Amino acid sequence: MSPSEEEFRRVMGRFATGVTIVTTALDGEKHGMTANSVTSVSLEPMLVLVCVDKAADTHDILRRAGIFAVNILSADQAHLSEKFAKKEFENAHGLDEIPHHAAATGAPVIDGCLAYLDCRTLAEHHGGDHTIFIGEVLDAGQSAGEPLLLYNGRYGGFEPA
Ligand SMILES: Cc1cc2nc3c(=O)[nH]c(=O)nc-3n(C[C@H](O)[C@H](O)[C@H](O)COP(=O)(O)O)c2cc1C
């Protein structure tokens, strides 16, 4: 028997991840969305994937833009994870008040993030109610610091084993 959606969510919550904000830019408008469904796919060529809900605003913007950056959040950026996951007002997921700069593709890189990948979309695959965006990594960078982690629906920090 298949698990309930609730059970599936709870089980996946046991898989600790980092937290990212996937950003993109289209016609001068910048947009970001919190995402933890990010995985590296291939080394040659360098590919990453992110799964995006077909109902999210980001979905169509990403499809049209064809570029995105994966901003890996630092331990002190949980507030950004919350901001880019909740929709409290019009353009809540814009980057107007968030310090950032443009990567080579034009996708925004958020200041203070732990690391980033600058990508051009290479393929889009159907994944149920999500689309799997495969990005070719054109540029990448990292800074010193600690990661923001997500486990069991809660944010936390890294403790060496
Ligand atoms: C920690 C965290 C991780 C998330 N990961 C994803 C994800 O990988 N893919 C996704 O489609 N939504 C994910 N979400 C939900 C989106 O961030 C949320 O639906 C957002 O409001 C979509 O914004 P948009 O409509 O502007 O695109 C996540 C939310 C949180 C808090």
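The number of residues in region 81-97 being in contact with a Lys or Arg (Cβ under 6 Å, 6 or more places away or on another chain) and assigned to a helix (DSSP H, G or I) comes to 0. Scanning region 121-142 for residues that are of a type outside the set (A, V, I, L, M, F, W, C) and either assigned to a strand (DSSP E or B) or surrounded by 17 or more Cβ atoms within 10 Å (Cβ to Cβ) (or both) turns up Thr121, Glu124, His125, His126, Gly127, His130, Thr131, Gly135, Glu136, Asp139, Gly141, Gln142.
Sub-9 Å Cβ pairs linking a first residue in region 73-90 that is over 15 Å from Asn36 (Cα atoms) to a second residue that is of a type in the set (Asp, Glu) and near the ligand (Cβ under 10 Å from one of its atoms), at least 6 apart or interchain, are Lys87/Asp57, ordered by first then second residue. Could you check, for region 131-139, whether at least one of its residues is closer than 24 Å to Gly157 by Cα, aromatic (Phe, Trp, Tyr) and modelled with pLDDT of 95 or more? Scanning region 131-139, I find no residue that is closer than 24 Å to Gly157 by Cα, aromatic (Phe, Trp, Tyr) and modelled with pLDDT of 95 or more, so the answer is no. Restricting to region 101-127, give me the number of residues that are in contact with a helix residue (DSSP H, G or I) (Cβ under 9 Å, 6 or more places away or on another chain) and closer than 19 Å to Gly145 by Cα. Selection size over region 101-127: 4. With respect to Val38, is the statement that it is within 19 Å of Pro147 (Cα to Cα) and either touching a Phe, Trp or Tyr at 6+ places or on another chain (Cβ under 8 Å) or buried (at least 21 other Cβ atoms within 10 Å of the Cβ) (or both) true? No; evaluated as a whole, the condition is false for this residue. The selection criterion, being over 20 Å from Asp111 (Cβ atoms), buried (at least 17 other Cβ atoms within 10 Å of the Cβ) and in contact with a strand residue (DSSP E or B) (Cβ under 8 Å, 6 or more places away or on another chain), does not hold for Leu80.
A quick yes/no check of all residues on (1) under 15 Å from Ile132 (Cβ atoms); (2) within 8 Å of the ligand (Cβ to nearest atom):
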site: Gly13; (1), (2): no, no
site: Gly28; (1), (2): no, no
site: Cys51; (1), (2): yes, yes
site: His59; (1), (2): yes, yes
site: Glu82; (1), (2): no, yes
site: Lys86; (1), (2): no, yes
site: Ala92; (1), (2): no, yes
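The values are calculated or read from the model by the stated rules, or taken from the named source; none is laboratory data. Every value quoted in this text rests on a predicted model; they were computed, and no experiment measured them. Backbone-built Cβ (ideal geometry, glycine too); neighbour counts: all protein chains shown.
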